[in-house]
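Structure, as structure tokens:
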Amino acid sequence: MTTLRDIGEFGIIDRIAQMAGAPPEAVCQGIGDDCVVLDVGGPEKLLATTDAALESRHFDLAWMTPFEAAQRSVAGALSDIAAMGGRPFLSLCTSVLPQSDEAQEALELLRGVAETARRYGAPLVGGDTISGINHYLIDLVVLGWAERPWLRSGAHPGDRLLVTGSLGGAATALGLALNEPARLKEPRFSELRSRLVDPTPRLAEAAILARTGFVHAAIDISDGLYQDAGHIARESDVHLSLEAAKFPVPEAALVAGELLPLRAPWWAATSGEEYELLLAVDPECVGLLTSLLQEHGLAPLTEIGTVRQGEGVSIVREDGSEVEMERGGWDHFRPPTTWPS
Ligand code: ADP
Ligand code: MG
């Protein structure tokens, strides 16, 4: 008997793509990228994405408020618009609410959806509300625009790999929440906690970088740097080499990492839900792109690797040795990644 675990999340998506058949002519990019890209006439392409967050799977109300749970769910959906170099303009939300007498919790969650969507320029204009299961579920559809959408398939050998912001903060915050919940409340870890409950979709950074035309390919890190790099490698038909020593891991995450059963550098490479952007860019323009974001006071850009001919993704360890993982990130249908020694 074949199990869903055998096929894995991405095998399932491949099968869905076959079942779906050819998309309508207006679809320039269908299943397989962060958003669907549509040509609706006019100078900009229309972007569409949907992202669901389930209580107990994606968020836990034991250590985040309902508002925060909604906030991070909406940020996750908006992050896919940033991954295309786009700007969001509206959203629709399907909310599944448990049948309960407790209105306050549900209303706080719904307020979180509406306020976060508005805060990032994608006001809520529709959706659906149903009851029935014992967990909250939020499914957000976001529409956006992009003049020249960044695809996962645009990387060339010779490109440099840049990442926005930092890596590993969400992983260590989650690790503390699960293993050392009292410590997550310590002020020295508040920055990590906000990475988990209030991640910033990199929309402002995407808007500025997209104008330059120097970004060749992009993806947002929602399943772990290593795995998401693998999507660029596969779609662009290239090899990505990531340098562990260059990963921008914040100091607080290093401190928290010492308290947890995490092994560097693997956890920074496999940490999902960081919602940073991994970009393959013109090698001549690294300095220019980095200073542009700096001038605007936005998230820093760090060069973490290179694109070359070949396939797959490797990590260069601090001692210079290069390794590949069989899998490196989050798959909804498979057990967690195991790290090479
Ligand atoms: P992301 O992590 O960027 O949100 P996913 O890994 O969830 O992307 O999905 C990968 C691709 O598969 C996307 O193009 C998405 O639209 C598509 N996809 C995922 N699930 C389904 C589904 N149930 N039906 C159709 N397309 C899907
Ligand atoms: Mg994505």
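Would a scan of the stretch 223-243 turn up a residue that is touching a helix residue (DSSP H, G or I) at 6+ places or on another chain (Cβ under 8 Å), closer than 24 Å to residue 65 by Cβ and either within 16 Å of ligand 2 (Cβ to nearest atom) or not in a helix (DSSP H, G or I) (or both)? Break it down stepwise before answering.
Of all residues in the stretch 223-243, those touching a helix residue (DSSP H, G or I) at 6+ places or on another chain (Cβ under 8 Å) come to 224-227, 238-240, 242.
Add one more test, that the residue is closer than 24 Å to residue 65 by Cβ, and what stays is none.
No, every residue in the stretch 223-243 fails to be touching a helix residue (DSSP H, G or I) at 6+ places or on another chain (Cβ under 8 Å), closer than 24 Å to residue 65 by Cβ and either within 16 Å of ligand 2 (Cβ to nearest atom) or not in a helix (DSSP H, G or I) (or both).
Search the stretch 4-28 for residues that are modelled with pLDDT under 90 and pair each with any residue that is more than 13 Å from ligand 1 (Cβ to nearest atom) and not in a helix (DSSP H, G or I) when their beta-carbon atoms are under 6 Å apart and the residues are at least 6 apart or on different chains.
Listed pairs, sorted by first residue: 5/334; 8/334.
Out of 190, 194, I need the residue that is more than 19 Å from the chain's Cα centre (by Cα) and either surrounded by fewer than 21 Cβ atoms within 10 Å (Cβ to Cβ) or more than 16 Å from ligand 1 (Cβ to nearest atom) (or both). Which one? I'd like the intermediate steps shown before the answer.
Details: 194 fails: more than 19 Å from the chain's Cα centre (by Cα).
After applying the criteria, what remains is 190.
Of the residues 108, 115, 68, 55, which single one is touching a Phe, Trp or Tyr at 6+ places or on another chain (Cβ under 6 Å) and modelled with pLDDT of 95 or more? Walk me through how you get there before you give the answer.
Working: 115 fails: touching a Phe, Trp or Tyr at 6+ places or on another chain (Cβ under 6 Å); 68 fails: touching a Phe, Trp or Tyr at 6+ places or on another chain (Cβ under 6 Å); 55 fails: modelled with pLDDT of 95 or more.
On inspection, the qualifying residue turns out to be 108.
Pull out all pairs, ordered by first then second residue, where Cβ-Cβ is under 6 Å, the residues are six or more apart or on different chains, the first lies in the stretch 58-75 and is more than 14 Å from residue 272 (Cβ to Cβ), and the second is of a type in the set (Asp, Glu).
66/105; 66/108; 67/108; 71/198
When you scan the stretch 82-94, do you find a residue that is more than 16 Å from ligand 1 (Cβ to nearest atom), free of Cβ contacts under 8 Å to residues at least 60 places away in the same chain, hydroxyl-bearing (Ser, Thr, Tyr) and farther than 19 Å from residue 220 by Cβ, even just one?
For the stretch 82-94, residues more than 16 Å from ligand 1 (Cβ to nearest atom), free of Cβ contacts under 8 Å to residues at least 60 places away in the same chain, hydroxyl-bearing (Ser, Thr, Tyr) and farther than 19 Å from residue 220 by Cβ: absent.
Pull up the stretch 60-78, narrow it to residues that are of a type in the set (A, V, I, L, M, F, W, C) and more than 16 Å from ligand 1 (Cβ to nearest atom), then point me to the one that is surrounded by the fewest Cβ atoms within 10 Å (Cβ to Cβ). Before the answer, list the steps.
Filtering the stretch 60-78 for residues of a type in the set (A, V, I, L, M, F, W, C) gives 61-64, 67, 69-70, 74-75, 77-78.
From the residues that got through so far, the ones that are more than 16 Å from ligand 1 (Cβ to nearest atom) too are 61-64, 67, 69-70.
On the way: 61: 16, 62: 8, 63: 18, 64: 18, 67: 19, 69: 24, 70: 28.
Across the stretch 60-78, the extreme among qualifying residues is 62.
Taking the stated definitions as given, is residue 320 without any contact (Cβ under 8 Å) to a residue 40 or more places away in the chain and not in a loop (DSSP other than H, G, I, E, B)?
No, not satisfied.
Test of understanding: among 269, 253, which residue is farther than 23 Å from residue 78 by Cα, in contact with a helix residue (DSSP H, G or I) (Cβ under 7 Å, 6 or more places away or on another chain) and not in a loop (DSSP other than H, G, I, E, B)?
Exactly one residue qualifies, and that residue is 253.
Among the residues of the stretch 84-139, how many are touching a helix residue (DSSP H, G or I) at 6+ places or on another chain (Cβ under 9 Å), within 23 Å of residue 57 (Cβ to Cβ) and among the aliphatic types (A, V, I, L, M)?
Total meeting the criteria: 10.
Which ones in the stretch 95-114 are among the acidic types (Asp, Glu) and either in contact (Cβ under 8 Å) with a residue 40 or more places away in the chain or under 24 Å from residue 211 (Cα atoms) (or both)?
First pass over the stretch 95-114, keeping only residues among the acidic types (Asp, Glu): 101-102, 105, 108.
Of everything in the stretch 95-114, those that are among the acidic types (Asp, Glu) and either in contact (Cβ under 8 Å) with a residue 40 or more places away in the chain or under 24 Å from residue 211 (Cα atoms) (or both) turn out to be 105, 108.
Can you tell me which residue within the stretch 223-253, out of those that are among the charged types (D, E, K, R) and within 16 Å of the chain's Cα centre (by Cα), is farthest from residue 52 (Cα to Cα)?
The first filter runs over the stretch 223-253 and keeps only residues among the charged types (D, E, K, R), leaving 223, 228, 234-235, 237, 243, 246, 251.
Narrowing further to those that are within 16 Å of the chain's Cα centre (by Cα): 223, 228.
On the way: 223: 14, 228: 18 Å.
Ranking the candidates gives 228 first.
For a quick check of your reading of the model, give me the residue pairs whose first member lies in the stretch 132-158 and is among the aliphatic types (A, V, I, L, M), whose second is in a loop (DSSP other than H, G, I, E, B), with beta-carbon atoms closer than 7 Å and at least 6 apart or on different chains.
133/98; 142/122; 146/44; 146/84; 146/85; 146/86; 155/238
Of these, 101, 39, which one is surrounded by fewer than 17 Cβ atoms within 10 Å (Cβ to Cβ) and at pLDDT 95 or above?
Working: 101 fails: at pLDDT 95 or above.
Among 101, 39, only 39 is surrounded by fewer than 17 Cβ atoms within 10 Å (Cβ to Cβ) and at pLDDT 95 or above.
Can you name every residue in the stretch 38-58 that is away from ligand 1 (no atom under 16 Å from the Cβ) and in a strand (DSSP E or B)?
Step one: filter the stretch 38-58 for residues away from ligand 1 (no atom under 16 Å from the Cβ), giving 39-44, 55-56.
Residue satisfying the conditions is 55 alone.
Within the stretch 1-37, take every residue that is touching a helix residue (DSSP H, G or I) at 6+ places or on another chain (Cβ under 6 Å) and not acidic (Asp, Glu) and give me the one that is nearest to ligand 1 (Cβ to nearest atom).
The first filter runs over the stretch 1-37 and keeps only residues touching a helix residue (DSSP H, G or I) at 6+ places or on another chain (Cβ under 6 Å), leaving 31, 34-35.
Subsequent filtering for residues that are not acidic (Asp, Glu) retains 31, 35.
Numbers: 31: 4, 35: 7 Å.
Across the stretch 1-37, the extreme among qualifying residues is 31.
The values are calculated or read from the model by the stated rules, or taken from the named source; none is laboratory data. The structure presented is a predicted model; accordingly, all values stated were derived computationally and were not measured. When we count neighbours, we look across all protein chains shown, and the Cβ atoms used for this are built from the backbone with ideal geometry, even at glycine.
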